[in-house]
C-alpha cells in the first residue's frame, strides 16, 4: 500500500512547478501531509516557500526556477500585494523590451518571504497602504514616475504620449488621484504635469498643486519635456 509521502510525491510531480499548501491534500490527515512535505523538502523535490507553503522548482539555464508573479501573488494572498518594479514596470507598460537581470518588485509590506520571491530579488518595501487597491498597471505607472521614466526605451516625447494616453483611459485618473496624495512631492509634481498636458481640467489639480512647497524644484528626468513641467516646479 502506498504511503502518504508516495501519494503526495506523485501528485506533486504531476503538478509541475507550482506552490503547494497542506490544504491541497484534503483527503489525507494534516499531520501526515506536513510530515510528507518536510520529507520531500529534505529529498530536494520541494523548497519551503514560507509558513505552510512549498514550491516545486524546475531546472533552468540560470538555476532552479522561482514562482511566477501570479503564483507569488496567489500565495501571499489578497492582503499582501507585490507589484513589478524597475525595468519590469516599464516592460509592463509597454515602454521597454528589456528583460531585467534580477527580479525587482515593490510591496506595501515591510518584508516578504525571501524563499517565495527569490533570494536575489530586489524588494522596494513600504509603498503607501493605498497601493493595496491598485491593479498592476496602475502601480507600475506610479513606479515609472518614481523612476522618472528612466527605464523607458522610447523617446521622451513618445514616453509622455503613452503616459498621457494612459491617464485618459476611463477611470484611471480618478483611481490614481487620491493615491498620488500619499506619494513623494516629486511624484505628485510629475503626475500633475502629466495630467495638465493630458488636458485634464485644471480645477481637478488645484489641491494637488497646493500640496507642493512652492520653493521646491524637482528633477523630472524624462518628463522635463512636458509643456507644464515648469508650472509644476521642474528644475
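Numbers below:
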{"item": "Test: residue in the range 104-120 that is more than 11 Å from the chain's Cα centre (by Cα) and within 30 Å of residue 155 (Cβ to Cβ)", "result": "no"}
{"item": "Residue selected from the range 92-103 under the condition over 14 Å from the mean Cα position of the chain (by Cα) and in contact (Cβ under 8 Å) with a residue 60 or more places away in the chain, by the criterion farthest from residue 76 (Cα to Cα)", "result": "95"}
{"item": "Residues satisfying the stated conditions in the range 54-70, i.e. in contact with a helix residue (DSSP H, G or I) (Cβ under 9 Å, 6 or more places away or on another chain) and either exposed (fewer than 13 other Cβ atoms within 10 Å of the Cβ) or at pLDDT below 85 (or both)", "result": "66, 67, 69"}
{"item": "Residues located in the range 28-53, provided they are assigned to a helix (DSSP H, G or I) and either at positive phi or touching a helix residue (DSSP H, G or I) at 6+ places or on another chain (Cβ under 9 Å) (or both)", "result": "30, 32, 33, 34, 35, 36, 37, 39, 40"}
{"item": "Residue in the range 159-176 that is assigned to a loop (DSSP other than H, G, I, E, B) and either at pLDDT below 95 or surrounded by 17 or more Cβ atoms within 10 Å (Cβ to Cβ) (or both) present", "result": "no"}
{"item": "Hey, residue 209 assigned to a helix (DSSP H, G or I) and surrounded by fewer than 20 Cβ atoms within 10 Å (Cβ to Cβ) or not", "result": "yes"}
{"item": "Number of the condition not met by residue 192 [criteria: (1) assigned to a loop (DSSP other than H, G, I, E, B); (2) within 25 Å of the chain's Cα centre (by Cα)]", "result": "(1)"}
{"item": "Lone qualifier among 8, 12 - being touching a strand residue (DSSP E or B) at 6+ places or on another chain (Cβ under 7 Å) and either assigned to a strand (DSSP E or B) or over 24 Å from residue 112 (Cα atoms) (or both)", "result": "12"}
{"item": "Subset of the range 98-122 (residues that are out of contact with any helix residue (DSSP H, G or I) (no Cβ under 7 Å at 6 or more places or on another chain) and either within 23 Å of residue 222 (Cβ to Cβ) or at pLDDT 90 or above (or both))", "result": "99, 101, 102, 107, 122"}
{"item": "Among (1) assigned by TED's automatic domain parsing to the domain that holds residue 145; (2) on the phi > 0 side of the Ramachandran plot; (3) at pLDDT below 85, the one test that residue 16 misses", "result": "(1)"}
{"item": "Search result, residues across the range 75-91 that are farther than 18 Å from residue 118 by Cβ and not in a loop (DSSP other than H, G, I, E, B)", "result": "90"}
{"item": "Restricting the range 107-130 to residues that are in a helix (DSSP H, G or I) and out of contact with any strand residue (DSSP E or B) (no Cβ under 7 Å at 6 or more places or on another chain), the residue that is surrounded by the most Cβ atoms within 10 Å (Cβ to Cβ)", "result": "130"}
{"item": "Extreme residue, surrounded by the most Cβ atoms within 10 Å (Cβ to Cβ), among residues of the range 27-52 that are at pLDDT below 85 and over 20 Å from residue 103 (Cα atoms)", "result": "52"}
{"item": "Subset of the range 212-228 [buried (at least 21 other Cβ atoms within 10 Å of the Cβ) and touching a strand residue (DSSP E or B) at 6+ places or on another chain (Cβ under 9 Å)]", "result": "218, 220, 223, 226"}
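The values are calculated or read from the model by the stated rules, or taken from the named source; none is laboratory data. Quantities reported herein were computed from a predicted structural model and do not represent experimental measurements. So basically every Cβ, Gly included, is an ideal-geometry build from the backbone, and we count neighbours across all protein chains shown.
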